[in-house]
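Okay, structure first, notes after.
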Amino acid sequence: MQKEKLQSRSTTVNLFEEQEKVEIFVSCRKLKNMDYFSLTDPQIRLYIEKNGEYYFHDQTEKIQDNLNPNFTKSFVLDYHFEVKQKLKFSVIDIDGPNSEEFVGECFTSLGEIVGARNQTSIFNIEHKGKKNGKLVVQCEKVTINNSKAFFEIQGLNLKNVGGCFGSNNPFVRFYRTAGDSGWVSVHKTEVTKGTKNPIFKLFEIKTQKLCNGDYHRPIKATFYSQKGYKEKLIGECEFTIDQLVNSKQREFNLNNQGKPAGKMKIGKFDLREEPAFLDYIRGGLQLSVVAAIDFTGSNGVPTQPNSLHAIKYDGTLNEYQKALRGCLDILLNYDYDQKIPIFGFGGKPKFPQFSSNQTNHCFACTGDPSNPWVHGLDGIMQTYSHAISNVELAGPTLFAPLISEAMKLALTHKQKGS
């Protein structure tokens with residue numbers, strides 16, 4: 001693999017430049033301790049404002065017993081320069097599956113975060129007028145990159161930081177540089193027990209997350225030993241993806257305040273390009289859409305207004321018509337010939353030329369078993385309207401016959417080279 005190829009993969013695709021994406025990293029400092037016999041187990045939830053209301057968007061992982069957590073889960077948001085995108089961060093103490101306490105929250109906007117010096121902002125976490133800690137928010141523009149890195153990390157002869165009668169319980173946290181604002185946490189391995197030579201489970205990570213697609217950007221691996229909720233530094237090192245690919249370097253010396261602390265060995269490493277949907281489309285991929293409709297009795301009798309198959313005479317759409325239009329209006333953009341086979345399942349067909357008293361789990365909604373194809377979205381909508389008046393709802397729900405028919409169609413397309 002040539003160095004030039006590595007560099008070319010981390011370029012931003014022009015197609016996406018009008019709607020830039022921003023990755024947000026969060027951490028907390030000096031959180032209020034909400035627990036009596038341990039420390040707060042924090043999690044951050046992100047809400048986005050729309051029409052005056054804040055709606056849940058995503059959340060970080062929970063970090064056990066930590067008042068100064070660095071979260072590895074980040075948030076990726078679309079950034080619109082001309083729009084004020086209001087955000088709310090809520091900090092929660094997770095005590096169990098059904099038990100949590102509200103620590104506090106802060107309000108800001110994506111523009112304020114992006115426009116901050118060094119793209120780093122610090123906010124007070126407040127609840128009922130009291131300050132319960134600080135939220136540190138760092139951000140960076142996302143570079144489009146479809147590669148994934150696969151690592152198996154080992155520690156070799158790690159320095160014992162467990163004391164005379166203790167031993168290491170090592171884990172590794174990976175950081176990437178964030179310009180002048182320092183390092184941000186991007187991955188954490190599992191904890192291994194009582195060893196100076198740990199072998200961690202193979203893991204995968206997107207290179208966009210690991211180094212924002214820049215294979216020359218330093219990555220820091222920091223080994224810690226965990227005892228209870230305390231973490232003790234063993235040692236750390238820095239490396240780049242370029243070193244792993246071009247120099248084939250696999251061992252790195254760990255140091256702790258300038259003193260040797262063992263070695264990190266990368267036992268297995270692989271870098272794989274994973275094409276995105278648009279890459280397949282550019283390469284000539286065609287979709288062959290197959291539509292299938294559920295005619296089981298649980299949908300409700302079509303003559304009743306609350307049925308999902310309700311026959312409406314005022315021009316409005318029932319739930320199935322909405323779903324067909326919503327999905328196929330998108331998918332048919334990628335189906336060149338616009339010929340779509342449309343099937344039903346879980347019903348008893350009562351068409352003039354095709355009728356059965358038995359539940360059929362894969363039948364042509366056209367009423368012609370030899371010709372299930374229709375043309376375009378209008379053809380699908382018309383065929384559905386005709387079918388709902390000629391199919392008796394029944395059951396049970398069985399998908400296997402329908403899946404088998406779709407597989408036959410796919411095999412036929414493959415054999416034709418289409």
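Would you mind classifying the stretch 298-396 by shape? Square roots of the alpha carbon gyration tensor eigenvalues, ordered a ≥ b ≥ c; an a/c under 1.5 is rounded, otherwise it is prolate if a/b is larger than b/c and oblate if not. Oblate shape, in that a/c is at least 1.5 and b/c is the bigger or equal ratio. The spacing between the stretch 171-199 and the stretch 105-164, judged by their C-alpha centroids, is 13 Å. Taking amide H atoms as placed 1.01 Å from N in the peptide plane, the amide H of Trp183 lies under 5 Å from those of Ala178, each 5 or more residues away in sequence or on another chain.
Basic side chains Lys and Arg get +1 at the Cβ, acidic Asp and Glu get -1 at the Cβ, and with that the dipole of the stretch 78-134 about its Cα centre reaches some 340 debye. For Lys196, the aspartates and glutamates whose Cα falls under 17 Å of its own Cα, not counting residues fewer than eight places away in the same chain, are Glu152, Glu231, Glu236, Glu251.
Sparse packing (at most 14 other Cβ atoms within 10 Å of the Cβ) combined with a DSSP loop state is found for the following chymotrypsin sites (Phe, Trp or Tyr not before Pro) in the stretch 341-400: Phe399. Taking the helices alone, the chain has a mean residue ellipticity at 222 nm of -4500 deg cm²/dmol, built from -39,500 (n - 2.57) per DSSP H run of at least 4 residues and averaged over all its residues.
All other residues with a Cβ under 14 Å from the Cβ of Gln154 taken together, and with Lys, Arg as +1 and Asp, Glu as -1, what is their net charge?
Details: positive: Lys196, Lys201, Arg250, Lys263, Lys265, Lys268; negative: Glu152, Glu190, Glu251.
Charge balance in the 14 Å sphere: +3.
About its Cα centre, how strong a charge dipole does the chain have in debye, to the nearest 20, once Lys and Arg get +1 and Asp and Glu get -1 at the Cβ? Before the final figure, lay out the partial values.
Values: 52 positive and 46 negative charges, 363 e Å.
Around 1740 debye, computed over the chain.
Taking a sphere under 9 Å around the Cβ of Ile219 and counting the other residues whose Cβ falls inside, with K and R at +1 and D and E at -1, yields a net charge of +2. Just one of (1) 1.29; (2) 1.02; (3) 1.18 is Cα Rg over 2.2 N^0.38 Å calculated from these coordinates, so which is it? Recomputing Cα Rg over 2.2 N^0.38 Å here picks out (1).
According to the square roots a ≥ b ≥ c of the eigenvalues of the Cα gyration tensor, what is the shape class of the stretch 116-245, taking rounded for a/c under 1.5, prolate for a/b larger than b/c otherwise, and oblate for the remainder? Could the numbers behind the result be given before it?
Values: a/c = 2.37, a/b = 1.17, b/c = 2.04.
Since a/c reaches 1.5 but b/c is at least a/b, the shape of the stretch 116-245 is classed as oblate.
Computed about its Cα centre, the charge dipole of the stretch 51-178 is approximately 480 debye, with only Lys, Arg, Asp and Glu carrying charge at their Cβ.
Accessible area of the stretch 184-308 with a 1.4 Å probe: how many percent of it is carbon plus sulfur? The C+S portion of the solvent-accessible surface of the stretch 184-308 is 49 percent.
Which of the residue pairs Lys62/Lys131; Lys86/Lys312; Lys32/Lys206 have a Cα-Cα distance greater than 30 Å in the structure shown? Can you show the working numbers first?
Details: Lys62/Lys131 21 Å; Lys86/Lys312 40 Å; Lys32/Lys206 34 Å.
Table pairs above 30 Å Cα-Cα are Lys86/Lys312; Lys32/Lys206.
Within the shell of other residues whose beta carbon sits under 9 angstrom from the beta carbon of Glu251, the net charge comes to +3, with Lys and Arg scored +1 and Asp and Glu -1.
Taking Lys201, Lys265, Lys408 in turn, the Gaussian network model of the chain (Cα-Cα springs below 10 Å) assigns the largest fluctuation to Lys408. Rolling a 1.4 Å probe over the heavy atoms of the protein chains gives the chain an accessible area of 55 Å² per residue. Say R0 is 45 Å: what FRET efficiency, to the nearest 0.05, do Gln358 and Thr316 get from their beta-carbon distance? The formula returns an efficiency of 0.85 here.
The values are calculated or read from the model by the stated rules, or taken from the named source; none is laboratory data. Nothing here was measured: the structure is a model prediction, and the numbers come from that model. Because the Cβ atoms are built from the backbone with ideal geometry, glycine has one as well, and the counts that use them run over all protein chains shown. When the accessible area is computed, the model is the full protein with side chains, heavy atoms only, and any ligands, DNA or RNA have been set aside. Shrake-Rupley method; radii C 1.70, N 1.55, O 1.52, S 1.80 Å.
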